[in-house]
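Notes follow once the structure below has been shown.
Bear in mind that the values in this text are calculations on the coordinates, not laboratory data. These figures come from a predicted structure and were not determined experimentally.
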Amino acid sequence: MRFYSQAECEDWLSGRQRLKPDAVPDVHAEQILYPTEPYRICGFAHWIATSLPCRMPTLLWITEWGIWPSSENWHLYYKLRQTYGDNQLLHEAPGHLFLEYETEDLASFLQLALLNGWGGYVLPHANYINAFFSHDEYITFFAENAENLAEVRQAFLGKPAAE
């Protein structure tokens, strides 16, 4: 795992000739509300971390924090970050690049970001499905091909993949 500055996150995207998913014209989207029970956030984050990356590196880019200070557990976040040997502050390095074998790590950081009321992006190298998660407790999945969102609808809305 590596930690990236905002400029490095932007370079990571531009090096792949990509934009943030919500800036892509004519992109297809599916918005899902967070689970209402906090204990279900773990499974929610785990599904995203294991389903979106397609066994490729994934950038978790935190772009919103400090909006709901009473829900933020900075101590837990920085202790988790320190286990990777990094002592930078979130605003110094808001990007978290996870390699293909680090899906459990991605799930943990994403779970913590969701519980902290932060917002940001899950940007898999594969660019099959990308996501924006909001401090307002929803996540929007984006895909250039509408059919790619079928598994999202099936997993979170209970709709058959054929719809």
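Starting from the alpha-carbon convex hull of the chain, give the projected area averaged over all orientations, in nm².
Values: hull surface 36.7 nm².
Approximately 9.2 nm², given one-decimal rounding.
Mind checking which of I41, I129, I62 has the largest fluctuation in a GNM of the chain, springs on alpha carbons under 10 Å?
For the chain, modelled as a Gaussian network with Cα springs under 10 Å, the answer is I41.
Hey, how many Å between the Cα centroid of the stretch 5-62 and the Cα centroid of the stretch 90-138?
Using only Cα atoms to place each centre, the spacing works out to 6 Å.
Expressed as an acute angle from 0 to 90° and rounded to the nearest 10, what is the orientation of the C-alpha long axis of helix 103-115 relative to the principal long axis of the chain?
Once rounded, the angle reads 80 degrees.
Please tell me the relative contact order of the chain in percent, rounded to the nearest whole number, where contacts are Cα pairs under 8 Å and at least six residues apart. Please list the in-between numbers first.
Numbers: 274 pairs, mean separation 56.4, N = 163.
35 percent.
For the chain, with a Gaussian network of springs between Cα atoms less than 10 Å apart, report the residue from T36, T63, T140 with the top mean-square fluctuation.
T36
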